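In what follows, a single structure is set out as structure tokens and then discussed.
The values are calculated or read from the model by the stated rules, or taken from the named source; none is laboratory data. Values in this document were obtained by computation on a predicted structure and should not be read as measured data. Here the Cβ positions follow ideal geometry from the backbone for every residue, glycine too, while neighbour counts run over all protein chains shown. Accessible surface areas use protein heavy atoms only, side chains included; no ligands, DNA or RNA. Shrake-Rupley method; radii C 1.70, N 1.55, O 1.52, S 1.80 Å.
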Amino acid sequence: MPLIHNLGFPRIGAQRELKFALESYWRGESTDEALEETAAGLRSLHWQQQQELDLVPVGDFSLYDQVLDMSFTLGNLPARIRTLAGSELENYFRLARGRAPQDPKNQDIAAGELTKWFDSNYHYIVPEFDANTRFQLDPSRLLSQVVEARTQGINAKPVIIGPLTYLRLGKARDGSDRLRLLPQLLKEYKALLEALQATGVEWVQIDEPILVTELEPQWQRAFPQTYHELRGTGLKLLLATYFGELQENLQLACELPVDGLHIDTINGRDEISKVIDWLPIHKVLSLGIINGRNIWKSDLNGLLDWLEPIAKRLQERLWLAPSCSLLHVPVDLSTETLIAPDVRDWLAFAVQKLDELQTIACALRHGREPFADALANNAAAITARNTSPKTQSPVVRQAMAQVEPGMASRQSPFATRATLQQESLALPLYPTTSIGSFPQTPAIRQARKRFRQGQLSDCEYEHFLKEEIRDCLQRQEAIGLDVLVHGESERNDMVEYFSEHLEGYIRSENGWVQSYGSRCVKPPILFGDVSRPTSMTVAWAAYAQSQTLKPVKGMLTGPVTMLNWSFVRDDQPRAQTCLQLALAVREEVLDLEREGIKLIQIDEAALREGLPLRRSQWEGYLEWAVECFRLSANGVADATQIHTHMCYSEFNDIMAAIATLDADVITIETSRSDMELLDAFDEFAYPNSIGPGVYDIHSPNIPEVAHMVQLMNKAAQRIPAARLWVNPDCGLKTRQWEEVAPALINMVQAALLLRQKAT
């Protein structure tokens, strides 16, 4: 005792091997076989890195997204995909991206909707249902990976998304009841379990994270029905929950007819005593004791103090694991050379987290004495972090104490500001703009790499970037955009760039995590109090404005997004850390305004991502998150126009909170969801200006003029035309100019048609 296992492992590779293989394949530079060979090599390596575990997850690897994989396993493909010729892999990427690589017809297909996986920065392709949905099982992908793992001597534990979570995460496009699909869906799940049983595996992990959310009675009642139906296959089922507390679903989870229950103790530790009392004695209890969402070392001695009496009581019924899949953390700390040694000693990436798990299990099995050195080193690291002078700044603490309520409010209401801003900017009806970033070309990436390696001087790099800014502005002027941006060629990432200019942050060298598909981000590590030693963007924005007569937006990342897209310190409330970020951003906003920048965009792409999974906890989060944005933005004069941007989340249910941000203009994702966001405006009158994105930048497809006009006409039915902007969904850094230019030309043409119709 106890058994140790993992819920999932990062799939991109320590050097982003999967990313590069995918993008090579999408460009037509490699074959199906080459892509599959890279994938097989990564799976094999990852299984080797987990071989000390008693059970190793299999099926957690994906070429794009595990929810999309489940849709293909269940044969749940939209009609627009199902009827197309081509291989399964071609259709897989059609649904993921809107286009298949090397498609001879080069046909553009509407990609599946992309949204956030619970409250993480991982995105998934939303399953699509209607009243006529039929499922047709194809277990070949998962079965082949199980056989592959067992051939390599791995004790495989297949991982699948549970049927109720799969239904809950999907959308019925015709408004039909998703639960009506459950009986036929369960037939396919039962057949899948029977197929897995035939491979000789003993345990299957079924992920049902919706159990940590508030469920309507009919969804709660569906759980016993579902798992009674799935019994009897000869397999043992481990039901996995994570990301939060079970609360009112706790007794339900304990009583389900499964063989084991996994609980995230990082978020639900206070519930464990009840679970131990309530869980029947024939069931396994898996405790998620290592944080799968952050990168700080675990306090191993503190964990042992808590676990030793539990292990004594449960004996062989106790399993240990990370709290959730390690998909959300980087692969391996051992490759890091940039992080200061003292701070590095506070960290643990995926490989190190499994080492922590192994140490805990061994100490529980054999006592602490044989592992005294490891435990002492861990205790020293925990103490060093807790007492380090690097984590607190008296100057920052004093600035926080001096914040007053009036600092978060604009001088005048929106109507007054809008009049002054229009007098200053003289923009046409349906003004066009982009979200901020433009293509990060190979030349830009190469120059940045050479600069970091010392092969380009400061002057040479500055000259290069100014040339890129001029080129970007000229392209935008030629396209006909009304409000320009400088293109962000100096930025590697919208969060990491700012973290490099703020005290309290460090960056990693290879701390990559997957956001979606081949899109990887490298969250900076926020370990101490945040301050802004000097301006971060002012020189670039001022230079850009000096090169054109059209208005140029200053581009910033907002405090809430900086918080939610970083690995954040866990030694103080997140609200306090966000306040520090807000004060730093506020200083930058005021400097931009002093430099003559009339429009300033403060992106809050991750505002909703930080929203608690339970509605009962929303109010507290939104109160401080909104206040931090307002503090960062609202020190400017009425004539300065504040923009913000949000993307790829469900915003309908928090539109009232978004309105209280009081940004003059909000740009927001709507194209993949066909303007579904606008349904919120049937009951809520949004007071300020809004740009509902009409160009899906996560697909290589070039949107048609008529389609964008249609989307904007939908918007104009709910928002007055005088308050509508025309823009893409998100930044364009991941696209190529060959895609971007014609798409934006079409977007400008759509705006011209809208203006003609309005007059």
- Message: For a protection proxy built on the mean count of beta-carbon atoms within 10 angstrom, sort 150-159, 406-415 highest first, please.
- Response: 150-159, 406-415
- Note on the structure: Residues meeting the amide H criterion for LEU320 (H placed from the backbone, H to H distance under 5 Å, 5 or more places apart or on another chain) are LEU3, ILE4, HIS5, LEU287
- Message: Whole-Hz ³J(HN,Hα) for each residue in the stretch 493-505, computed from phi via Karplus 6.51 cos²θ - 1.76 cosθ + 1.60 with θ = phi - 60°, x for glycine and proline: what do you get?
- Response: 6, 5, 9, 4, 4, 5, 4, 6, 10, 10, 6, x, 10
- Would you mind computing, in nm to one decimal, how far apart the modelled labels at ALA198 and THR337 are, each placed 7 Å from Cα along Cα→Cβ? 5.1
- Message: For a test of the definition: using alpha carbon positions, the gyration tensor, and the 1.5 limit on a/c, classify the stretch 432-505 as rounded, prolate or oblate.
- Response: oblate
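Rounded to the nearest 500 deg cm²/dmol, what is the calculated helix-only ellipticity per residue at 222 nm for the chain, with -39500 (n - 2.57) per DSSP H run of length n ≥ 4? Walk me through the numbers on the way to the answer.
Details: 28 runs with 317 residues, N = 759.
For the chain, the value works out to -13000 deg cm²/dmol.
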- Query: What is the spin-label model distance, in nm, from THR660 to ALA478 if the labels are put 7 Å beyond Cα along the C-beta direction?
  - Reply: 4.7
- With the dipole of the stretch 551-633 worked out from charges on the C-beta (+1 for Lys and Arg, -1 for Asp and Glu) around the Cα centre, which of LEU592, SER566, ALA605 lies farthest toward the positive end? ALA605
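Rounded to the nearest 0.05, what FRET efficiency is calculated for HIS282 and LEU45 with R0 set to 45 Å and r the Cβ-Cβ distance?
Details: r = 37 Å, r/R0 = 0.81.
Here the calculated transfer efficiency is 0.75.
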- Between ALA79 and ARG313, with labels modelled 7 Å along Cα→Cβ, what's the label distance in nm to one decimal, could you check? 5.6
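Contact order normalised by length for the chain, with contacts defined as Cα pairs under 8 Å and 6 or more residues apart; what percent is it? Walk me through the numbers on the way to the answer.
Numbers: 1420 pairs, mean separation 97.7, N = 759.
Once normalised by length, the contact order is 13 percent.
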- Dipole magnitude of the stretch 335-451 about its Cα centre (Cβ charges: Lys, Arg +1; Asp, Glu -1), debye to nearest 20: 380
- Message: Rounding to the nearest 10 and keeping the result within 0 to 90°, find how far the Cα-based axis of helix 737-758 lies from the longest principal axis of the chain.
- Response: 60
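Hey, with R₀ at 30 Å, roughly what FRET efficiency would ARG397 and ILE272 work out to, going by the Cβ-Cβ distance, to 0.05? Don't jump to the answer; show the numbers that get you there.
Details: r = 35 Å, r/R0 = 1.17.
For R0 = 30 Å, the calculated efficiency reads 0.30.
Grab the Cα-Cα distance for GLN247 and GLN152, subtract it from 0.36 nm times how many residues apart they are, and report the gain in nm with one decimal.
On the way: separation 95, 0.36 × 95 = 34.20 nm, distance 4.05 nm.
Extra length available between GLN247 and GLN152 comes to 30.2 nm.
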- Query: For the stretch 373-451, what does the alpha-carbon gyration tensor say about shape, rounded, prolate or oblate, given a ≥ b ≥ c as the root eigenvalues, a/c under 1.5 as rounded, and a/b over b/c as prolate?
  - Reply: oblate
- Carbon + sulfur, % of accessible area of the chain - ligands and nucleic acids excluded, 1.4 Å: 49
- Query: Between ALA657, LEU347, ALA685, whose Cα lies farthest towards the positive end of the dipole of the chain when Lys and Arg beta carbons carry +1 and Asp and Glu beta carbons carry -1, centred on the Cα centre?
  - Reply: ALA685
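About the Cα centre of the chain, what is the dipole size in debye to 20, counting +1 per Lys and Arg Cβ and -1 per Asp and Glu Cβ, all else neutral? Each step should come with its number before you reach the end.
Details: 75 positive and 99 negative charges, 101 e Å.
Taking the Cα centre of the chain as origin, the dipole is about 480 debye.
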- Note on the structure: Which residues qualify? For ARG735, with a placed amide H closer than 5 Å and at least 5 residues away or on another chain, they are GLN440
- Task: Calculate how steeply helix 300-314 sits against the longest principal axis of the alpha-carbon atoms of the chain, using the helix alpha-carbon long axis, and give the answer as 0 to 90 degrees to the nearest 10.
- Result: 40
- Note on the structure: Result for the chain: accessible area per residue, probe 1.4 angstrom, in square angstrom, of 37
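Working out 0.36 nm times the residue gap between ARG368 and LYS550, then minus their Cα-Cα distance, what length gain in nm do you get to one decimal? Please report the intermediate quantities before stating the final value.
Values: separation 182, 0.36 × 182 = 65.52 nm, distance 6.82 nm.
Extra length from ARG368 to LYS550 when fully extended: 58.7 nm.
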- Task: Would you mind checking which residues have amide H under 5 Å from ILE666's amide H? H placed 1.01 Å from N; only 5 or more apart, or other chain.
- Result: THR644, SER689, ILE690, GLY691
- Task: Would you please classify the overall shape of the stretch 335-393 from the alpha carbon gyration tensor, given that a ≥ b ≥ c denote the square roots of the eigenvalues, rounded means a/c under 1.5, and beyond that prolate means a/b larger than b/c while oblate covers the rest?
- Result: oblate
- Message: Would any residue of the stretch 47-64 have its amide N under 20 Å from a label point 7 Å out along Cα→Cβ of GLN15? List them or say none.
- Response: 47-50
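Can you give the charge dipole size of the stretch 695-736 about its Cα centre, rounded to the nearest 20 debye, using +1 on the beta carbon of Lys and Arg and -1 on the beta carbon of Asp and Glu? Before the final figure, lay out each step's value.
Working: 5 positive and 3 negative charges, 33 e Å.
Its charge dipole is roughly 160 debye.
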- Message: What is the angle, in °, between the Cα long axis of helix 17-26 and the longest principal axis of the Cα atoms in the chain? Nearest 10 is fine, range 0 to 90.
- Response: 60
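Work out how much length TRP737 to ARG452 would gain on full extension: take 0.36 nm times their residue separation and subtract the Cα-Cα distance, in nm to one decimal. All intermediate terms of the calculation are to be shown ahead of the outcome.
Numbers: separation 285, 0.36 × 285 = 102.60 nm, distance 2.51 nm.
Contour length minus Cα-Cα distance gives 100.1 nm.
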- Looking at (1) 1.05; (2) 0.96; (3) 1.22, which value of Rg/Rh (Cα atoms, Kirkwood Rh) comes from a calculation on the structure shown? (2)
